[in-house]
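Enquirer: Take this structure, written in structure tokens, and hold onto it; I'll ask about it next.
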Amino acid sequence: MSQKIRGVKGTRDVLPIDTYVKDEDPWVRVGHYQLIEQTARELFPLYGYREARTPILERTELFVRGIGEVTDIVGKEMYTFDDRGESVTMRPENTASLVRAYIEHNVNQQEPETKWWYLGPMFRRERQQRGRYRQFTQIGVEAFGNPGPRIDAEQIEMLERWLRMLGMPFSMHLNTLGDANCRPRYREALQEYLRAHADDLCEECRKRTETNPIRVLDCKNPKCQEVVAGAPRMQEFLCDACKAHFAAVQEALQRLGVAFVIDPKLVRGLDYYTRTAYEAIATSGLGAQSTLAGGGRYDGLVKELGGPDIPGIGFAAGVERMALLIAQQGRERVTRPVVFIAPLGEAEAARADQLAQQLRAAGIAAEVSFRKANPANQLKRADALGARFALVLGDAEMKADRGKLKEMKTGAQHEVSLSALAGEVKKLEGSG
RNA sequence: GUGGCUGUAGCUCAAUGGUAGAGCACUGGACUGUGACUCCAGGUGUUGCCGGUUCGAGUCCGGUCAGCCACCCCA
């Protein structure tokens with residue numbers, strides 16, 4: 001045997017069978033992903049969100065301008081390469097791409113207020129750990145063209161509903177980041193305060209004080225947290241408009257019955273966020289990477305990327321993290337045959353193929369045995385596949401055009417007509 | 001990018017420096033006309049890879065790769 005080729009570090013295969021073992025955790029299978037995706041596909045359109053798909057490959061410039069040059073994502077985590085003289089990057093997130101598409105196709109001319117949702121792989125070159133991989137899947141939404149605050153609450157409520165439908169253990173955290181008017185003033189005040197306490201900060205935070213002081217707020221270092229406890233708070237610096245917006249979002253959430261906690265330390269990693277910021281954080285089942293979904297308002301982003309002055313708000317959810325929790329609950333979307341047909345000879349095999357074809361045409365999942373084996377082994381196979389019914393097709397059945405449809409669970413055998421098999425199966429399916 | 005732990009069969013795991021094992025799963029048979037139970041048989045493998053120490057390395061040492069966990073960052 002020649003050398004095995006292995007998958008790229010930090011990427012995983014998601015198969016319909018068990019693959020990765022995570023100590024006491026159950027294994028993540030494709031059925032767990034499908035449950036999450038299917039729920040989103042059904043729920044989001046109820047709120048007016050329609051699916052949008054953008055390319056995985058974008059010009060590097062898009063992310064540099066959209067996400068921010070000093071962020072870790074752009075600074076050191078992107079898969080960037082030269083495409084014959086042009087620098088391109090595999091998307092590390094999807095918001096910048098959707099904004100690009102919105103601008104490129106002049107969507108604001110047709111329907112300035114539009115709601116999109118997306119699903120797909122993102123790429124960041126990080127060291128992997130529980131709930132964090134180099135290729136990961138995000139499901140997210142963006143609502144363009146409405147400044148809020150009611151749409152903010154609507155979106156947060158949709159996220160909450162989605163996560164609750166999936167049985168996720170989580171709590172919703174809410175904060176405001178201010179806007180172009182008040183954030184700079186806060187930033188300055190915070191910076192001043194942090195400089196005065198530089199001796200008590202970790203090395204990293206001393207750097208952040210100069211590059212991105214707001215990030216110091218969510219540093220996990222206990223000493224930094226002590227300093228942060230006495231730091232000026234965004235709330236005290238909010239301009240009247242931001243204050244009113246924040247209050248209105250909270251009121252709207254209360255009206256909709258959404259539970260949330262105000263979290264002044266909640267800051268979003270990407271530069272483009274303004275005002276409303278929110279995160280759904282898992283309360284159990286995950287390790288250090290417990291943010292299931294993070295979102296916020298980005299009123300300046302569309303303009304920043306060369307488009308009209310259009311506001312927006314969106315969230316992105318990490319499917320791998322959700323899949324871990326889904327797997328822990330044992331909830332899964334499984335596909336199994338309804339009817340398993342086991343022909344005993346050559347002529348029967350030909351008939352079996354046609355019977356399966358007819359069943360499938362009628363919308364019934366059918367599996368036909370391709371191997372020669374005695375009835376006992378065929379039944380064993382039907383059992384392993386989880387088939388609901390098994391049909392052994394032999395000489396007698398061929399002659400009579402009737403067969404015995406065996407219900408695997410109970411062992412009961414139902415005499416059915418072969419030419420009318422699909423109808424017979426549907427009748428039995430309904431009855432039991 | 002930094003640190004810690006771990007690498008033996010498809011999976012879960014054993015083997016004092018001295019001949020690679022068990023359970024589960026898988027395939028076939030007992031059973032050309034009915035599965036789950038039972039019995040029998042059978043692949044289960046360059047012990048992650050490379051090197052070193054040794055008469056001898058799955059075991060000790062070094063390196064490397066991968067996985068896991070945490071930092072960082074984020075979904």
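The values are calculated or read from the model by the stated rules, or taken from the named source; none is laboratory data. Just so it is clear, the structure is predicted and the values come from calculations on it, not from any experiment. Glycine also receives a Cβ, built like all others from the backbone with ideal geometry; neighbour counts cover every protein chain displayed. Remember, those area values only see protein heavy atoms, side chains included, never the ligands or the DNA or RNA. Shrake-Rupley method; radii C 1.70, N 1.55, O 1.52, S 1.80 Å.
Enquirer: So which of A:8, A:30 is more than 16 Å from RNA strand B (Cβ to nearest atom) and at pLDDT 85 or above?
Expert: Going through A:8, A:30 in turn, the sole match is A:30.
Enquirer: Next up: On the basis of being among the aromatic types (Phe, Trp, Tyr) and at pLDDT below 90, does residue A:273 make the cut?
Expert: On the way: among the aromatic types (Phe, Trp, Tyr): yes; at pLDDT below 90: yes.
For residue A:273, the condition - among the aromatic types (Phe, Trp, Tyr) and at pLDDT below 90 - is met.
Enquirer: Anything in region A:130-159 that is of a type in the set (D, E, K, R), over 20 Å from residue A:271 (Cβ atoms) and more than 14 Å from RNA strand B (Cβ to nearest atom)? List them, or say none.
Expert: So in region A:130-159, the residues of a type in the set (D, E, K, R) come out as A:130, A:132, A:134, A:142, A:150, A:152, A:154, A:157.
Now drop any that are not over 20 Å from residue A:271 (Cβ atoms), which leaves A:130, A:132, A:134, A:150, A:154, A:157.
Within region A:130-159, A:150, A:154, A:157 meet the criteria.
Enquirer: If you don't mind, another one. Going through A:66, A:145, A:75 one at a time, which residue ends up being at positive phi, assigned by the TED database to the domain that holds residue A:297 and open to solvent by less than 70 Å² (accessible area, probe 1.4 Å)? Working first, answer last.
Expert: Numbers: A:66 fails: at positive phi; A:75 fails: at positive phi.
Exactly one of A:66, A:145, A:75 is at positive phi, assigned by the TED database to the domain that holds residue A:297 and open to solvent by less than 70 Å² (accessible area, probe 1.4 Å), namely A:145.
Enquirer: Kindly indicate whether residue A:375 is more than 29 Å from residue A:31 (Cα to Cα), outside the structural domain of residue A:33 (by the TED database) and open to solvent by 30 Å² or more (accessible area, probe 1.4 Å). Full working, then the answer.
Expert: Details: more than 29 Å from residue A:31 (Cα to Cα): yes; outside the structural domain of residue A:33 (by the TED database): yes; open to solvent by 30 Å² or more (accessible area, probe 1.4 Å): yes.
In short, yes.
Enquirer: Now a separate question. Do we find that residue A:163 is part of a helix (DSSP H, G or I) and surrounded by 15 or more Cβ atoms within 10 Å (Cβ to Cβ) in this structure?
Expert: Working: part of a helix (DSSP H, G or I): yes; surrounded by 15 or more Cβ atoms within 10 Å (Cβ to Cβ): yes.
Considered against the rule, which asks whether it is part of a helix (DSSP H, G or I) and surrounded by 15 or more Cβ atoms within 10 Å (Cβ to Cβ), residue A:163 comes out as yes.
Enquirer: May I ask you to list the residues in region A:168-205 that are touching a residue at least 60 places away in the same chain (Cβ under 8 Å) and of a type in the set (Asp, Glu)?
Expert: As a first pass, look at region A:168-205 and keep what is touching a residue at least 60 places away in the same chain (Cβ under 8 Å): A:168-183.
Correct list: A:179 only.
Let's see how each residue does on (1) farther than 27 Å from residue A:17 by Cα; (2) near RNA strand B (Cβ under 8 Å from one of its atoms); (3) open to solvent by 80 Å² or more (accessible area, probe 1.4 Å):
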residue: A:341; (1), (2), (3): no, no, no
residue: A:351; (1), (2), (3): yes, no, no
residue: A:355; (1), (2), (3): yes, no, no
residue: A:383; (1), (2), (3): no, yes, yes
residue: A:405; (1), (2), (3): yes, no, no
residue: A:418; (1), (2), (3): yes, no, no
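Enquirer: Let me ask something else about it. Out of the helices (runs of 4 or more DSSP H) lying entirely within region A:294-408, which hold 3 or more residues that are under 30 Å from residue A:144 (Cβ atoms)?
Expert: Working: elements: A:301-304, A:319-329, A:346-361, A:375-385, A:395-400.
Here the list reads A:301-304, A:319-329.
Enquirer: Among A:92, A:121, A:55, A:112, which is within 16 Å of RNA strand B (Cβ to nearest atom) and assigned to a loop (DSSP other than H, G, I, E, B)?
Expert: Numbers: A:121 fails: assigned to a loop (DSSP other than H, G, I, E, B); A:55 fails: within 16 Å of RNA strand B (Cβ to nearest atom); A:112 fails: within 16 Å of RNA strand B (Cβ to nearest atom).
When all the criteria are applied, what remains is A:92.
Enquirer: Here's another thing I want to ask about it. When region A:166-192 is examined, which residues are found to be part of a loop (DSSP other than H, G, I, E, B) and under 19 Å from the mean Cα position of the chain (by Cα)?
Expert: If we filter region A:166-192 for residues that are part of a loop (DSSP other than H, G, I, E, B), which is where we start, we get A:166-169, A:177-182.
A:166, A:167, A:168, A:169, listed by residue number.
Enquirer: Next up: Might you check whether a residue that is in the same structural domain as residue A:105 (by the TED database), within 16 Å of RNA strand B (Cβ to nearest atom) and within 27 Å of residue A:64 (Cα to Cα) occurs anywhere in region A:251-265?
Expert: Scanning region A:251-265, I find at least one residue that is in the same structural domain as residue A:105 (by the TED database), within 16 Å of RNA strand B (Cβ to nearest atom) and within 27 Å of residue A:64 (Cα to Cα), so the answer is yes.
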